[in-house]
Amino acid sequence: MKTATTTVKLATPHNLLESFRLGVQECIRKCFPGGAVMVAAALHAYMGLGLLQSVKAAEPAFSWRQTETSLALCNGGKVVWRLMADPKDSKSYFHPLAALDGEVLTDSEPADHPWHHGLWWSWKLINGLNYWEENPKTHKSQGTTELTGATFKLAPDFSARAELSFSYHPPGQAAVMMERRRLSVTRPDAEGRYRIDWTSEFTAGNASVTLGRTPLPAEEGGKAYGGYAGLSLRLVFKPDEWSVRTSGGANTAAEAHGQSARWLGFSGPGAGIVICDHPGNLRYPTPWYVHNRPPMSFFSPAVLFNESLVLAAGQSLKLNYRVLIHSEPMTAEQIETDCRAFAGSVNP
């Protein structure tokens with residue numbers, strides 16, 4: 001498979017260097033009034049060069065890495081994000097999602113749930129057939145999520161778009177539902193943040209489709225782990241480091257689980273990931289499925305958490321989400337601003 005690579009560097013922040021030089025000049029003027037000119041010249045040459053070199057060393061150097069079945073953005077050789085779209089895989093997914101320094105935030109194919117894949121989409125039950133869990137020997141679900149088409153569009157500014165199509169069907173049978181998925185990934189900004197705007201449009205086939213999930217504990221046949229389905233995020237397992245926040249003020253996974261919120265995020269000491277729900281979505285603001293104890297760190301805007309959904313023959317369901325990856329800490333106000341900007345977009 002061929003690999004395409006393009007590299008560009010960001011502009012040097014000269015204002016940082018200029019502020020440093022002015023500060024040094026003022027210090028020299030006060031401390032060495034007699035020989036200020038000579039001392040200043042020497043220190044400016046030595047320290048200014050050192051600062052310039054350190055700034056240059058920290059500059060991102062982005063490049064694309066593309067194969068027939070994947071697209072990745074790299075920074076200095078380290079993968080920032082990778083989208084997998086291989087028809088041989090059971091699902092299409094993003095992994096890794098990482099901070100700009102290379103810290104990987106997602107997990108894929110963990111031993112406890114090998115059908116978890118970083119950031120991915122999976123329905124739980126379609127017409128009673130399981131499309132989520134996989135047979136440990138065959139690595140296949142009861143129902144098939146078939147990738148039928150994929151196109152990638154790379155921009156010179158290192159943003160990207162992808163359009164994927166899927167067929168949902170019992171093995172060897174006709175499709176009961178189709179999906180058109182549009183993904184837009186921004187270039188990482190000066191704060192080390194990038195965004196994945198995710199739109200999935202599902203259309204039932206010639207007959208009605210029931211989208212279901214494992215029942216909740218209070219329901220007949222209910223389980224403590226019931227309610228999951230849809231867009232999902234499996235994180236690197238570090239429950240003592242992850243902090244949970246929501247637009248509703250929840251501060252732990254237990255508080256956030258099952259509660260409705262406009263956004264929810266997991267963040268470490270620096271980097272983290274937030275998912276924003278869109279006000280045009282069904283059942284907005286969404287309930288969340290949240291887990292941050294052994295064996296996993298996981299969360300999902302669970303559109304089916306409280307009840308299943310029936311699509312009539314030919315009926316469509318469109319869902320929009322923003323996934324915000326940040327390399328440095330963000331305040332709740334900053335997250336709110338970003339999610340409100342996404343909410344203000346029309347048909348993202």
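The values are calculated or read from the model by the stated rules, or taken from the named source; none is laboratory data. Nothing here was measured: the structure is a model prediction, and the numbers come from that model. Positions of Cβ are backbone-derived with ideal geometry, glycine not excepted, and every protein chain shown enters the neighbour counts. Just so you know, the surface numbers come from the protein's heavy atoms only, side chains and all, with ligands and any DNA or RNA stripped out. Shrake-Rupley method; radii C 1.70, N 1.55, O 1.52, S 1.80 Å.
Scanning region 299-318 for residues that are in contact with a Ser or Thr (Cβ under 9 Å, 6 or more places away or on another chain) and surrounded by 22 or more Cβ atoms within 10 Å (Cβ to Cβ) yields Phe299, Ser300, Pro301, Ala302, Val303, Phe305.
Looking only at region 329-348, count how many residues are β-branched (Val, Ile, Thr) and at pLDDT below 95.
1
Of everything in region 221-256 that is touching a helix residue (DSSP H, G or I) at 6+ places or on another chain (Cβ under 9 Å) and of a type in the set (A, V, I, L, M), the residue that is farthest from Leu324 (Cα to Cα) is Ala250. Within region 338-348, the set of residues being of a type in the set (A, V, I, L, M) and not in a helix (DSSP H, G or I) comprises Val346 only. Ser260 versus (1) touching a strand residue (DSSP E or B) at 6+ places or on another chain (Cβ under 8 Å); (2) within 23 Å of Glu103 (Cα to Cα): which is the lone unmet condition? Going through the list (1) touching a strand residue (DSSP E or B) at 6+ places or on another chain (Cβ under 8 Å); (2) within 23 Å of Glu103 (Cα to Cα), Ser260 breaks only (2).
Residue by residue, here is whether (1) in contact with a Lys or Arg (Cβ under 8 Å, 6 or more places away or on another chain); (2) surrounded by fewer than 20 Cβ atoms within 10 Å (Cβ to Cβ); (3) of a type in the set (Val, Ile, Thr) holds:
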site	(1), (2), (3)
Gly143	no, no, no
Thr151	no, yes, yes
Leu154	no, yes, no
Asp157	yes, yes, no
Phe166	yes, no, no
Val176	no, no, yes
Glu179	no, no, no
Thr186	yes, yes, yes
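Count of region 198-219 residues, restricted to those that are of a type in the set (D, E, K, R) and either surrounded by 14 or more Cβ atoms within 10 Å (Cβ to Cβ) or on the phi > 0 side of the Ramachandran plot (or both), is 2. Is it the case that region 123-139 has a residue that's in a strand (DSSP E or B) and open to solvent by less than 20 Å² (accessible area, probe 1.4 Å)? The answer is yes; a qualifying residue exists. Within region 50-78, residues that are within 13 Å of Pro188 (Cβ to Cβ) and at pLDDT below 95 have Cβ atoms under 6 Å from residues that are of a type in the set (A, V, I, L, M) and open to solvent by 30 Å² or more (accessible area, probe 1.4 Å) in these pairs: Glu59/Leu10; Pro60/Leu10, counting only partners at least 6 apart in sequence or on another chain.
Only one of (1) farther than 15 Å from Glu163 by Cα; (2) crowded, with 21+ Cβ neighbours inside 10 Å is not met by Leu71, so which one is it? Every condition holds for Leu71 apart from (1).
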